[in-house]
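Before any comments, here is the structure.
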Amino acid sequence: MLLDLMHICLTFTCIQGVCIFRITQCRSKKARNGYMDVCFLEGYLTSEHAYSRVAVNHLPFLIGRMPDSGLPIDADTISRHHAEIFSCDGQLCIRDLNSTNGTFLNDNKITQSLPIEDGDIVRLGDVELRIIIEHGKPSATADEQEHTYIATGNVLEKIARGAKELKVLLQNKQVKCAPQPVFDNHLAIVAYELLGRGTHPLLPESPEALFYIAEQRSAEIALSELFLETGLIEAHNYPQNVYFFFNIHPKEIENINNLYHHLDKIRETYPHTKLVLEIPEKAVSNIQQMSELKSHLHALKIGLAYDDFGAGQARLLELSEASPDILKFDICLIHNIDMASHARQRMVEMLVSYSHEQGIKVLAEGVETAGEDKVSRQIGIDLLQGFYYGKPGDRIGC
């Protein structure tokens, strides 16, 4: 299947137990109409804990500790020649080479040759690799494409399960929206936050768990956009005189022009829906970029909120020079505030006062008790959200 797809040059250097191997794609030899199928192995292969990929560029493809392996990994639980990928009746298969600690495919020990598919997880000893098969990839146009990887003796991180199921989830749009109400200081509903949940039977419902899987497959933006698409459709079933908060993944900030284009399409599709975009605090690092984003949003009549304020590197500079319309206090600032010291209550009150001076409304996240509600309103917090008022999906006020 892949034997003659490309001509590969391999060079190795081993220094103090660290094997540096360079894979050079010199020339594509076989492709149909300029496209070909390419197989990769992905995992935490570098000393910097970076998630890396290596092409399965010749068959049979040997994996083991020895430098002559197609993928040499200097790990204590890997045998000298541990396993190999090979072609069997036109299909890629994997077999164990009598390794000491065994080879596992999707957590099942391999006792005979087995076919592999896109998204499968191979475990060799304690080292995990994900199989990626990309169909119809453009043939290489450059004469030489070089990639360097470093494998160390450390087991760095586990690979998330569920990559194949996530692909199905995205294709079949197996998600739902669970709007959570937002109240004003007088306990009237003024907004809903459009929160996403998964509905694939073999995957977790939690968006955090789904994004963990998606981030390892570079599918985080696709998942984020699917959650938003589903949420905006669901918003039509709720009162239209309220605002709808929606989230984006921090990765979407990295290509700001694509984000602008996406926001333009949202406003074109939903011209009358009152919207507020939430930016995670950790993504608020470029003051000029945030100022430009706010201007673009206001031209579209979309508000801007900074999410999770106080959870990380909360900085007042961004509030003064790239101020949002709404600042969402993280639950860490609100939890047990009614039982907190006077100094802590005074600190939160000063943050509220400073925000008001900048023309920013404050929203308290994670309010769970009557005491937290009482103190939050006493110190002047404008908007309130949490299980005390309603859980995601509760159709309060509808």
For N257, the lone unmet condition from (1) over 13 Å from the mean Cα position of the chain (by Cα); (2) under 16 Å from L194 (Cβ atoms) is (2)
Looking across region 279-288 at residues that are open to solvent by 70 Å² or more (accessible area, probe 1.4 Å) and part of a helix (DSSP H, G or I), the single one that is farthest from H249 (Cα to Cα) is Q288
Within region 241-256, residues modelled with pLDDT under 95 and open to solvent by 80 Å² or more (accessible area, probe 1.4 Å) come out as N241, K251, E254
All-but-one check, L92 against (1) open to solvent by 40 Å² or more (accessible area, probe 1.4 Å); (2) modelled with pLDDT of 85 or more; (3) of a type in the set (A, V, I, L, M, F, W, C), failing number (1)
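Residues checked against (1) of a type in the set (A, V, I, L, M, F, W, C); (2) farther than 20 Å from Q385 by Cβ:
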site: G231; (1), (2): no, no
site: F246; (1), (2): yes, no
site: L259; (1), (2): yes, yes
site: H262; (1), (2): no, yes
site: R267; (1), (2): no, yes
site: K274; (1), (2): no, no
site: K294; (1), (2): no, yes
Does S224 meet the test of being open to solvent by 40 Å² or more (accessible area, probe 1.4 Å) and either in contact with a Cys (Cβ under 8 Å, 6 or more places away or on another chain) or not acidic (D, E) (or both)?
-> no
Exactly one of Y192, Y260 is touching a helix residue (DSSP H, G or I) at 6+ places or on another chain (Cβ under 8 Å), in a helix (DSSP H, G or I) and either open to solvent by 70 Å² or more (accessible area, probe 1.4 Å) or of a type outside the set (D, E) (or both), and that one is Y260
All conditions in (1) among the hydrophobic types (A, V, I, L, M, F, W, C); (2) within 20 Å of the chain's Cα centre (by Cα); (3) outside any helix (DSSP H, G or I) are true of F244 except (2)
With criteria (1) out of contact with any strand residue (DSSP E or B) (no Cβ under 7 Å at 6 or more places or on another chain); (2) modelled with pLDDT of 95 or more; (3) of a type outside the set (A, V, I, L, M); (4) within 30 Å of E372 (Cα to Cα), K265 comes up short on (4)
Margin query: Going by what's in this entry, would I266 be described as touching a Ser or Thr at 6+ places or on another chain (Cβ under 9 Å), within 23 Å of G310 (Cβ to Cβ) and open to solvent by less than 20 Å² (accessible area, probe 1.4 Å)?
Written below: no
Only one of A235, A209, A214 is surrounded by fewer than 18 Cβ atoms within 10 Å (Cβ to Cβ), on the phi < 0 side of the Ramachandran plot and either in contact with a Leu (Cβ under 8 Å, 6 or more places away or on another chain) or not acidic (D, E) (or both), namely A209
Residue pairs within 6 Å by beta carbon, gap of at least six or interchain, first lying in region 32-47 and under 14 Å from E134 (Cα atoms), second basic (K, R) and modelled with pLDDT of 85 or more, listed first then second, are E42/R130
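The values are calculated or read from the model by the stated rules, or taken from the named source; none is laboratory data. None of these values were measured; they are calculated from a predicted model. Heads up, the Cβs are rebuilt from the backbone with ideal geometry, glycines too, and the neighbour counts pull from every protein chain shown. The protein model used for the area step is the full one, side chains on, heavy atoms only, and it has no ligands, DNA or RNA in it. Shrake-Rupley method; radii C 1.70, N 1.55, O 1.52, S 1.80 Å.
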